[in-house]
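The values are calculated or read from the model by the stated rules, or taken from the named source; none is laboratory data. Since the model is a prediction, treat every value here as computed from it, not as a measurement. Don't worry about glycine lacking a Cβ; one is built from the backbone with ideal geometry, like all the others, and counts go over all protein chains shown. Accessible surface areas use protein heavy atoms only, side chains included; no ligands, DNA or RNA. Shrake-Rupley method; radii C 1.70, N 1.55, O 1.52, S 1.80 Å.
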Amino acid sequence: MSMTKLFSPGPVMVKDNVRRALLHYDICHRSHEFEEMFQDTQSKILKLFNADDSYYSLIVSGSGTSSNETVLSSIFKPVEEVLLIRNGVFGERLLEIINKYNIPLVDLSFPWATMPDLAVVEQALKDHPSVKVVAMVFHETSTGMINPVSKVGALCDKYGKIFSVDCVSAAGGQNIDVVQNHISICTSVGGKCIGAFPGTAYICAKKSLLDSLTSDQCKNVYLNLYKHYQSSVASHQTPNTPNVNLFWPLNVALTNIIEDESLAGRIARYQRCAAIIRECVLSMGCRLLLNDNMANTVTSVYLPAGIDAQTFLDEMTKRGYTFYIGKGDYGKNGMIQIANMGEIYEQDCHNMLEVFQVVLNRLSK
């Protein structure tokens with residue numbers, strides 16, 4: 001079987017040196033070699049978020065959801081409330097975690113593909129002084145929208161709130177400055193914009209927040225932020241056996257960004273690829289879900305009338321290209337998502353779009 005090009009928002013195409021890192025010789029995670037690599041990876045995560053020395057990073061074995069659950073199950077004491085701002089599937093994922101742990105909630109739900117109303121957010125902060133944490137998604141992947149994190153961060157600073165941001169689909173694809181955006185704690189994962197594999201998530205947080213944690217307030221055994229922090233500070237280790245084989249590719253992928261391509265270079269490449277995709281699909285008679293506030297790495301596209309989305313995706317898969325169908329009613333109404341995360345370059349986009357046009361023509365007859 002020939003290799004498929006993944007134009008999907010995770011898993012993503014990875015660089016050859018990232019793939020080779022999976023073949024690293026076996027080591028014990030309770031070894032100095034692992035500890036040195038662990039610390040090096042932590043330092044690169046901080047650079048990914050433009051963090052200063054008031055932040056600390058941690059690595060969690062699991063998907064992006066595991067890092068979000070680690071945070072949300074750990075940072076609340078009894079009766080402390082969370083203000084959740086959501087406008088898509090992954091905001092609803094945060095809601096699911098919050099409800100599972102019975103965290104008191106102020107729920108600000110906005111229609112999908114709609115920017116949160118900052119006046120509504122600020123009024124909610126005024127009306128609910130017991131809110132400790134404001135939580136939201138940076139890049140709402142279900143629509144491809146970038147949410148107003150910097151403006152919400154300014155409100156959190158104004159009202160003295162902890163700001164928790166799901167950066168799972170944003171880190172490495174958008175410019176995230178945790179200091180300037182007043183982000184207290186944020187999460188992401190390897191198998192997205194940084195171009196590693198799924199299964200190794202990470203957290204960047206203010207040291208002051210991590211230092212304030214107690215063991216009793218954490219409600220999960222494995223996804224326990226207090227344990228991860230204490231183990232890392234004490235011995236540069238994880239509290240339980242991690243997925244050691246995936247730490248090496250994560251480290252290499254971060255090195256590819258921080259030391260080789262540069263974060264600015266990676267973001268610029270993603271912007272160029274997204275522009276190529278958007279201009280071309282519009283010329284083919286497609287329609288975009290969003291007109292602005294679009295991510296650098298995901299384009300939500302309505303196919304021309306009469307083209308069944310799943311049939312189109314099946315035909316593209318036969319030709320070696322994988323996309324996602326739109327979530328919920330979006331897919332039923334002919335929307336697909338084209339991502340350009342990971343090892344996707346301009347020529348890859350041009351090659352894909354040639355096939356895209358062929359399939360559209362075939363299905364239009």
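Numerical summary
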item	result
Of the criteria (1) open to solvent by 20 Å² or more (accessible area, probe 1.4 Å); (2) outside any loop (DSSP other than H, G, I, E, B); (3) of a type in the set (D, E, K, R); (4) within 18 Å of Gly144 (Cβ to Cβ), which one Glu259 fails	(4)
Subset of the stretch 63-76 (residues that are buried (at least 21 other Cβ atoms within 10 Å of the Cβ) and outside any loop (DSSP other than H, G, I, E, B))	Gly64, Ser67, Asn68, Glu69, Thr70, Val71, Leu72
Residues satisfying the stated conditions in the stretch 43-57, i.e. open to solvent by 10 Å² or more (accessible area, probe 1.4 Å) and β-branched (Val, Ile, Thr)	none
Residue list for the stretch 129-188, restricted to those being of a type in the set (Val, Ile, Thr) and farther than 26 Å from Ala268 by Cβ	Val131, Val133, Val134, Ile162, Ile185
Ala295 buried (at least 22 other Cβ atoms within 10 Å of the Cβ) and under 25 Å from Leu48 (Cβ atoms)	yes
Subset of the stretch 323-339 that is open to solvent by 30 Å² or more (accessible area, probe 1.4 Å) and in a loop (DSSP other than H, G, I, E, B) - its residue that is nearest to Ala295 (Cα to Cα)	Lys327
Within the stretch 89-147, tally of residues that are in a helix (DSSP H, G or I) and among the hydrophobic types (A, V, I, L, M, F, W, C)	12
Selection within the stretch 210-241 - touching a helix residue (DSSP H, G or I) at 6+ places or on another chain (Cβ under 9 Å) and under 16 Å from Thr41 (Cβ atoms)	His228, Tyr229, Ser232, Val233, Ser235, His236, Gln237, Thr238
Residues of the stretch 165-183 that turn out to be over 22 Å from Ser8 (Cα atoms) and either surrounded by fewer than 24 Cβ atoms within 10 Å (Cβ to Cβ) or at pLDDT below 95 (or both), as a count	5
Hey, Ile267 within 20 Å of Gly173 (Cβ to Cβ), without any contact (Cβ under 8 Å) to a residue 40 or more places away in the chain and not charged (D, E, K, R) or not	no
Lone qualifier among Val60, Val79 - being open to solvent by 40 Å² or more (accessible area, probe 1.4 Å), of a type in the set (A, V, I, L, M) and over 27 Å from Gly326 (Cα atoms)	Val79
Residue, modelled with the highest pLDDT, within the stretch 55-84, restricted to residues that are acidic (Asp, Glu) and over 19 Å from the mean Cα position of the chain (by Cα)	Glu81
Qualifying residue in the stretch 264-284 (condition: out of contact with any Ser or Thr (no Cβ under 7 Å at 6 or more places or on another chain), under 14 Å from Ile75 (Cα atoms) and surrounded by 15 or more Cβ atoms within 10 Å (Cβ to Cβ))	no
Subset tally (residues that are buried (at least 21 other Cβ atoms within 10 Å of the Cβ) and in a loop (DSSP other than H, G, I, E, B)) for the stretch 298-322	1
All positions within the stretch 40-54 that are outside any helix (DSSP H, G or I) and within 19 Å of the chain's Cα centre (by Cα)	Phe49, Asn50, Ala51
Index of the failed condition, Ser8 passing every other in (1) of a type in the set (Ser, Thr, Tyr); (2) closer than 28 Å to Ser300 by Cα; (3) open to solvent by 20 Å² or more (accessible area, probe 1.4 Å)	(3)
Whichever residue in the stretch 207-253 is open to solvent by 60 Å² or more (accessible area, probe 1.4 Å) and aromatic (Phe, Trp, Tyr) and, among such residues, is farthest from Ile97 (Cα to Cα)	Tyr226
Residue within the stretch 29-42 that is within 26 Å of Thr297 (Cα to Cα) and either at pLDDT 95 or above or crowded, with 18+ Cβ neighbours inside 10 Å (or both) present	yes
